[in-house]
Amino acid sequence: LPDSITSCTRNASFLCATRGIKSRTGRWSRIIPDSLPKPLDINERLDALINQNKHNVAASLFNKNLTCEDIAYVGYHLVQNNTTLTTLNLSDNLFGNKGTLYLSNVLQSSTALTTLWINNNHIGIEGAQYLSNALKTNTTLMILFLHNNHIQSQGAQYLSDALQNNKEFKIMALNTKPTTNTPNSIKFLISGLASMGATLFVHPMDLVKNRMQISGEGGGIKEYRTSYHALTTIFRKEGFRGIYSGLSAGLFRQATYATTRLGIYQILLERFRDQDGRPPSIFVNLLLGVVSGGLGSLIGTPAELALIRMTLDGRLPMNERRNYAHVFDALARITREEGILKLWRGAIPTVTRAMIVNAAQMPSYSQAKQLIMSMDLMQQGLPLHAVSSLIAALVTTIVSLPIDIVKTRYQNMKIIQGKPEYTGILDVFQRIFRQEGVLSFWKGFTPYFYRIGPHTILSFIFIEQLNIQYQRRICKNESYMSTL
């Protein structure tokens, strides 16, 4: 902070008044008691607080459990256009950035307030920006206390810049609670657990998607008319275990591929964030998605191969089924019967698809979330995470489905009379285009979106919620630092 701003502590003499405060006229004005005489509903309670303080020089409303909406109500009726009130204590109410926005709007029209305490209110960098805008136009406030919030160095800089030309302002006292981010190792662990948890819910749709992509292969008769028809047919013929066939491979894929790609992306995102906490530019964000998706997919290709084979095994004739017992049996038999390098069969389309999926999914989530918050439509929380991940799922489905179909066909190809069914990736692409038409590249769009949508939503929600719990219970943070 510049030299013109003097920092002080809570022990300053003018902070020690607990029973009253002396006005400029020399008279003492009573501060309201800390507790009301009887429980009241919220409107009566706020009106009581306002009526007891609207003619006072000082008002103490600390630790009153005031929400952000309460701050707007109290500010409008108590502070705005009040020529008597000069000192206001709103500490320990935890109204956060949104409450600070309402308070800042009131400060811009305040005509008498000179001293404001807003210690320990979960105010972050965004809240500091709101306050800085108010301080640029407020001409009465001289003393501001912001102890034990989460404005960090960037928020302090916003406030400092706002006060550069304010000759009336005398004292700003602040310190920042250190906020510990989730360690990198925990980011990987949370990513894996979140993705595996989401897979438990959406695996049947993944199986339907794979079956529908193979249906009609080579111009043959399509087995399934719709996603619902596919699901009911599989359930009728193979039972409940049939719609969850290949689950072990699906979980193992998430434990390898998703853990790696999500963990690496979060680490890179943290490294390239702007100083104010905003995500990097869309171009940089795309590159982060490409890098993390490619590395994660390269590690997860063997599990992907096992997943494809196990989910499609049920549609083969009995004498042609591979009948893998579980994912590790599949990996062992592929290595023994076809060679270890065959575990990476289809690695090129798999990695390519993963790079495109990640480049579409991860940046679209972080950018959508930031855009929604910047427009004040939503703040950090479950609704924001759900809407942002739904946007990311739609973008990802449209972009990645054609590559996913090519990958599925190539990885499931059979050896006919000693020769592979396809000569390469380009051959798969040409055959689909020539024999089935261009729209076939989006075959299975509905089950694919039904899989990508819920999986993306659940994965991001689980990651955010697990991070919230870790930061709150282990790191003892009082505000949440999102890793996405």
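Tabulated data for the structure shown
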{"quantity": "Single residue of the stretch 220-249 satisfying the filter (more than 13 Å from Gly314 (Cα to Cα), without any contact (Cβ under 8 Å) to a residue 24 or more places away in the chain and assigned to a helix (DSSP H, G or I)) that is most open to solvent (accessible area, probe 1.4 Å)", "calculated": "Tyr228"}
{"quantity": "Leu401 being closer than 22 Å to His455 by Cα and assigned to a helix (DSSP H, G or I)", "calculated": "yes"}
{"quantity": "The stretch 75-96, subset under 17 Å from Leu135 (Cβ atoms) and modelled with pLDDT under 85, residue most open to solvent (accessible area, probe 1.4 Å)", "calculated": "Gln80"}
{"quantity": "Selection from the stretch 320-353 of residues that are in a helix (DSSP H, G or I) and touching an Asp or Glu at 6+ places or on another chain (Cβ under 7 Å)", "calculated": "Thr350, Arg353"}
{"quantity": "Residue within the stretch 336-344 that is in contact (Cβ under 8 Å) with a residue 60 or more places away in the chain and surrounded by 18 or more Cβ atoms within 10 Å (Cβ to Cβ) present", "calculated": "no"}
{"quantity": "Selection count where residues are polar (S, T, N, Q) and either part of a loop (DSSP other than H, G, I, E, B) or loosely packed, with under 11 Cβ neighbours inside 10 Å (or both), scope the stretch 418-440", "calculated": "1"}
{"quantity": "Some residue of the stretch 402-417 being exposed (fewer than 15 other Cβ atoms within 10 Å of the Cβ) and either basic (Lys, Arg) or outside the structural domain of Pro349 (by the TED database) (or both)", "calculated": "yes"}
{"quantity": "From Tyr365, Tyr324, residue being at pLDDT 90 or above and either among the charged types (D, E, K, R) or in the same structural domain as Pro447 (by the TED database) (or both)", "calculated": "Tyr365"}
{"quantity": "Any hit, the stretch 130-149, residues being modelled with pLDDT under 90 and closer than 30 Å to Thr456 by Cβ", "calculated": "no"}
{"quantity": "Among residues of the stretch 182-219, those that are farther than 17 Å from Leu439 by Cβ, out of contact with any helix residue (DSSP H, G or I) (no Cβ under 7 Å at 6 or more places or on another chain) and either open to solvent by less than 60 Å² (accessible area, probe 1.4 Å) or modelled with pLDDT under 90 (or both), counted", "calculated": "1"}
{"quantity": "Failed item in (1) open to solvent by 10 Å² or more (accessible area, probe 1.4 Å); (2) assigned to a loop (DSSP other than H, G, I, E, B); (3) farther than 30 Å from Ala258 by Cβ, with Asn105 passing the rest", "calculated": "(2)"}
{"quantity": "Any hit, the stretch 448-462, residues being open to solvent by 30 Å² or more (accessible area, probe 1.4 Å), free of Cβ contacts under 8 Å to residues at least 60 places away in the same chain and in a helix (DSSP H, G or I)", "calculated": "yes"}
{"quantity": "Tally, over the stretch 410-437, of residues that are hydroxyl-bearing (Ser, Thr, Tyr) and touching a Gly at 6+ places or on another chain (Cβ under 9 Å)", "calculated": "1"}
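Rundown of residues vs (1) assigned to a helix (DSSP H, G or I); (2) over 28 Å from Leu101 (Cα atoms), yes/no style:
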{"residue": "Ala393", "(1), (2)": "yes, yes"}
{"residue": "Glu464", "(1), (2)": "yes, no"}
{"residue": "Lys476", "(1), (2)": "no, no"}
{"residue": "Tyr480", "(1), (2)": "no, no"}
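The values are calculated or read from the model by the stated rules, or taken from the named source; none is laboratory data. Note that the structure is a prediction, hence the values are computed from the model and not measured. Note that we place each Cβ from the backbone using ideal geometry, even for glycine, and neighbour counts take in every protein chain shown. Side chains are part of the model used for accessible areas, which takes the heavy atoms of the whole protein and leaves out ligands, DNA and RNA. Shrake-Rupley method; radii C 1.70, N 1.55, O 1.52, S 1.80 Å.
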